[in-house]
Amino acid sequence: MKRLLILGAGTAGTMMANHLKPVLGKDEWEITIAEESKVHYYQPGYIFIPFDMYTPEEVCRPTEEFIPEGVNLVNKKIDRILPDDNKVLMEDGSEIHYDILIIATGTHPSPEETHGMLGSQWRKAIFDFYTFDGSVALRDKLRDWPGGKFVVHIAEMPIKCPVAPLEVAFLADSYFAEKGIRDKVEISFVTPMSGAFTRPKAARAFEHILVEKNIKIIPDFAVERVDNEDKKIIDYGGTEVSFDLLVTVPTNKGSAVIERSGFGDDLNYVPTHKGTLQSKVKPNIFVIGDASDLPTSKAGSVAHFEAEILTENIQRYIKGEPLMDDFDGHANCFVETGEGKALLLDFNYNQEPVEGTFPIPGVGPLRLLKESRMNHLGKLAFRWIYWNMLLKGANVPFVSSHMTEEGKKIENKK
Amino acid sequence: MEKTIAGKTVEVNEEGYLTDQSQWTREVAEAIAGEEGIDLTERHWAVISYLQDQHKQGVALSIRKIGKSGVIDIKEFYQLFPNGPLKISTKIAGIPKPASCI
């Protein structure tokens, strides 16, 4: 009996377990998945918790509920991978041997990377929202916050779900307006990038919405430290931004497991071939989701598209066939813009987000790069799709793993 | 599009980055730096050749990487190329503007 071992039962790892269970011969292959958390969090829901749009209970389900029957779930903390010995060491000293390894250990906010971030104001006037605890703490803070300088801040790229900080700024605008205190709140968006987004067309669309909502953008801001006493963030160039409430996205780093294993890059991401998802560490190690160093978004949709290609490649690898080398970096993100609307982005390694219709070219019903009520409903429906289809490895209708150019207004088509 | 820099005609994109690295010369670099209000010193040149070298090796550039390069720390990088050092220094070095991953 051979063993395929998956590290991490988040979005990516859980999907792989569900994809692979039916296709690997059960007399030949045993599938094991290692995950320390007993709770599976619906992470796209984190942006709604602070604004009382979702309850904390709505984003939590037991991890084991999504692990298919016949797959072993090992509920233990992982220490490190020993690629030369084809085994993984667990923190309790036990070992798991593998024939094929899939790394799905994700990316994690690391506030300790910024000097002063974890100082006296942490979770008092400084909040992260991309953790379960952080989003709930921010909700409690906002419920009786009287107003003041509300600063949404990105420490460093890349981050998980790169549109989430914009969504938080947009949703905050609506939230304060509904509470009748929008005139008492000054919202700014502080980013290390040169604009609201890295891809130019989408950046322009977002900048337009920011202006419309009276949200000030402060670009090219690389944070050096947080001054807890005077409540301000200071960048390496000496620019200072004062806050009464700082909502920060800390530096994101790959899992400490990768660092202990000694093969990650300087942010603990695993060097990965961008078309095949095979690691550059060893041929029998594959990587999916946020854990890789691929130049595309760290997002659940990307993991979903990767999962189809990786499922094929694992089977080819077992048969000794050449791997499919065509993952295109496809990402698809709903962006909440407040007031019950959202816009939608669809892009890949080479094609930036443009306007158009989705998922059926020329029809929609969703609109790309334009705000609409339908897009917002799509985003809310996505939670159901996530729990009931995505994690279980079912195909999402009309959406293929490769980005389609049909129905998109593409300029300078090559 | 074409642009005349330091008496030389070069190809640049809409943001002013050279599109053909072989057209880069020290004089072109000095002229671009001048447009950004920067006088190039020996420290600037050390950073420029580091960036070009990293680009040649296909390394994706980031502020964090430069801070760990041993060539310069982030503080000095900001002093040398104020207001967005990465985008300004790469422009002067004649290499593409780094796209932070999204």
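Report the normalised scattering of the stretch B:30-83 as log10 I(q)/I(0) at q = 0.19, 0.29 Å⁻¹, calculated by the Debye formula with identical scatterers on the alpha carbons. For the stretch B:30-83 at q = 0.19, 0.29 Å⁻¹, log10 I(q)/I(0) is -0.67, -1.26.
Using only side-chain charges placed at the Cβ, +1 for Lys and Arg and -1 for Asp and Glu, the dipole size of chain A relative to its Cα centre rounds to 780 debye. Per residue, the accessible area of chain B comes to 51 Å² when a 1.4 Å probe rolls over the protein heavy atoms. Rg and Dmax over the alpha-carbon atoms of the stretch B:2-93 stand at 12.7, 37 Å.
Quick check on the stretch A:331-390: take the gyration tensor over C-alpha atoms, sort the square-rooted eigenvalues as a ≥ b ≥ c, and tell me if it's rounded (a/c under 1.5), prolate or oblate. Verdict is oblate for the stretch A:331-390.
Take every pair of alpha-carbon atoms less than 8 Å apart whose residues are at least six positions apart; their mean separation over the length of chain A yields a relative contact order of 16 percent. Per-residue ellipticity at 222 nm, computed for the protein assembly as shown from helices alone with -39500 (n - 2.57) per DSSP H run of at least four residues, works out to -8000 deg cm²/dmol. Global size of chain A: 21.3, 66 Å for Rg and Dmax (C-alpha atoms, Rg to one decimal, Dmax whole).
Comparing Cα centroids, the stretch A:87-136 and the stretch B:41-93 end up 30 angstrom apart.
Long hydrophobic helices in chain A: the complete DSSP H runs spanning 20 Å or more by Cα along their own axis with mean Kyte-Doolittle hydropathy of at least -1.0 are A:164-179, A:300-319.
Net charge dipole, the stretch A:109-252: roughly 420 debye, given to the nearest 20, about the Cα centre with Cβ charges of +1 for Lys and Arg and -1 for Asp and Glu. Note on the stretch A:109-252: with neighbouring protein chains present and a 1.4 Å probe, carbon and sulfur make up 46 percent of its accessible heavy-atom surface.
When B:M1, A:M1, A:M403 are compared by accessible area of protein heavy atoms, the largest-first order is A:M1, B:M1, A:M403, using a 1.4 Å probe. Take the accessible area of A alone and of B alone, subtract that of the pair with a 1.4 Å probe, and the total buried over both chains is about 1500 Å².
Per residue, chain A exposes 40 Å² of accessible surface when a 1.4 Å probe is rolled over the protein heavy atoms with every protein chain present. Once C-alpha pairs closer than 8 Å and six or more residues apart are averaged by separation and normalised to the residue number of the stretch A:331-390, the relative contact order reads 31 percent.
For the stretch B:58-102, a reduction of at least 50 Å² in accessible area between the chain on its own and the assembled protein chains (probe 1.4 Å) is found at B:R64, B:K75, B:Y78, B:S100, B:C101, B:I102. A dipole drawn for chain A from +1 and -1 charges on Cβ atoms has a positive end, and of A:P192, A:I159, A:H19 the residue lying farthest that way is A:H19.
What does the charge count near A:E339 come to, summing +1 for each Lys or Arg and -1 for each Asp or Glu among other residues with Cβ under 11 Å from its Cβ? Summing Lys/Arg as +1 and Asp/Glu as -1 gives -2. Placing +1 on the Cβ of every Lys and Arg and -1 on the Cβ of every Asp and Glu, with nothing else charged, gives chain B a dipole about its Cα centre of roughly 460 debye.
The values are calculated or read from the model by the stated rules, or taken from the named source; none is laboratory data. Keep in mind the model is a prediction, meaning the values are calculated, not measured. Note: ideal-geometry Cβ built from the backbone for every residue, glycine included; neighbour counts use all protein chains shown. Note: areas computed on protein heavy atoms with side chains; ligands, DNA, RNA excluded. Shrake-Rupley method; radii C 1.70, N 1.55, O 1.52, S 1.80 Å.
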